[in-house]
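The values are calculated or read from the model by the stated rules, or taken from the named source; none is laboratory data. Because the structure is a prediction, the values reported are computed rather than measured. When we count neighbours, we look across all protein chains shown, and the Cβ atoms used for this are built from the backbone with ideal geometry, even at glycine.
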Amino acid sequence: MEKMNKARPFTPYYINQNRLFDLYSILNRGYSEYEEITVQSSDAKKTTGKADAAASGGFKLIKISGGVEGGCEHEKMQSSGTTIKRVQTVTSILGNVLEEMSTKKYIQKICDCKQGGFFEEKVNFTLNSLKKLLDMLKDIVGLTTSISNIGITAQIPYTKKQIEDISKAFTFLFGGLEVFYETDEYAVIANLNENCLYLSNLDDILNTDIFCFGQIKKIYPNGTNLLKNTTFSKFKSAEIKNDFISKIADFSNNDTLELGITAKAEIEGKRVYEVEIISLRK
């Protein structure tokens, strides 16, 4: 993982706060929203004076003869204190958790992780969601209709009604927001929760390099089906799934549009890590 440094700031775009607070509480034996720090400072004041030896009471010196005059010095300590309240934010807690887990070597490279292990890896996620794909296509068709009224023509090879008909017919395919990232050696798949977006939107975390901190849920040694949060994942026939997906994916594969969303049924021939995302940051 990228080495954390207290002096180096970062920007989070996605934080699963429930999981993050659980980790923070485990590492610190509890959770507090703030800590109080008291800073003490002391000043020493010296006073000097003269004292006469007396036969009784007070400061006594050994009396040799007659009166004895002695010198004395007193030091008085005065202290003052200031209490500082340091408030924890979600981002500061994330930084503390990453630093602590990195120091204790709880975070590894994803390829070194076993199931249940924690990792941080630079990824570039693609959204694999039929619902988002069709929603975006409906918006685009609506836009082309509007701009055609002012004399601008955009060639879109389908109508809004076609897309709406597909959406109604295959609502069983619509689950959460699945994302994936592939390299030559392995792939990472996960589900996004839009409630975890942190001062950002989906465009900020998709199709861009970003650090993903998470936990391994499952490892598939030689590929797996995608769209796991839909009924579609229950189909065993790869041929049926691929044929259906390819027909829907054709809507987004043309020279006119660049959607940044795909429809993919499976990943084959490589190790696939199914993960839970705790944070995405830059």
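Worth a mention:
- Residue check, LEU227 within 26 Å of the chain's Cα centre (by Cα), at pLDDT 90 or above and within 16 Å of LEU177 (Cβ to Cβ): no
- Filter result (surrounded by fewer than 15 Cβ atoms within 10 Å (Cβ to Cβ) and of a type outside the set (Asp, Glu)) within the range 107-123: LYS109, CYS111, LYS114, GLN115, GLY116, LYS122
- Flag if ILE93 is modelled with pLDDT of 65 or more, touching a strand residue (DSSP E or B) at 6+ places or on another chain (Cβ under 8 Å), crowded, with 19+ Cβ neighbours inside 10 Å and closer than 26 Å to ARG29 by Cβ: no
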